[in-house]
1. What 222 nm value per residue comes from the helices of the chain, counting each DSSP H run with n ≥ 4 as -39,500 (n - 2.57) and dividing by all residues, nearest 500 deg cm²/dmol?
2. Which cross-chain or sequence-distant (5 or more) residues have an amide H under 5 Å from the amide H of Ser79, H modelled 1.01 Å from N in plane?
3. Kindly state, to the nearest 0.05, the FRET efficiency for Glu67 paired with Asp14, given R0 = 22 Å and r defined as their beta-carbon distance.
4. For the chain, what's the relative contact order in percent, using C-alpha pairs closer than 8 Å and at least 6 residues apart?
5. Based only on other Cβ atoms within 10 Å, what is the fewest-to-most ordering of Leu23, Leu58, Leu94?
Amino acid sequence: MTTTLDTRDLPAGDPRWDAFRTLLEEQRSDCVREREAALEECAQSVPDPVAQRRSASLSDTITAIDEALARIAAGSYGSCVHCGATIPDERLELRPHAGACVSCTDRR
Ligand SMILES: [Zn+2]
């Protein structure tokens, strides 16, 4: 595990989410790695706008993953952060860091 996030201090949360937590932690370390690569490209004398956008969007994803991990610890994972509706497992499997249900996401 190359992630810098220390999840040992967090309560384990519902064991139902163990698989999602593992998935989120894997995705997080992938994002961190990709972001570092993108940031290296940004550090060139002529910054690459594509790499800049990429590193910004990876930062957003990392934040979303951290929030999802915090929701698992807090016991609110799997419920929409806006309306409280249960987020279907199929959606979480596709986007484990999703915090909003489909209808709330579509409304935004
Ligand atoms: Zn919702």
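Derivation of every value follows stated rules applied to the coordinates shown; laboratory data play no part. Just so we're clear, the structure is a prediction, and the values are computed from it rather than from any experiment. Heads up, the Cβs are rebuilt from the backbone with ideal geometry, glycines too, and the neighbour counts pull from every protein chain shown.
1. -19500 deg cm²/dmol
2. Under 5 Å from the amide H of Ser79: Ile87.
3. 0.85
4. 27 percent
5. Taking fewest neighbouring Cβ atoms as first place, the list is Leu94, Leu23, Leu58.
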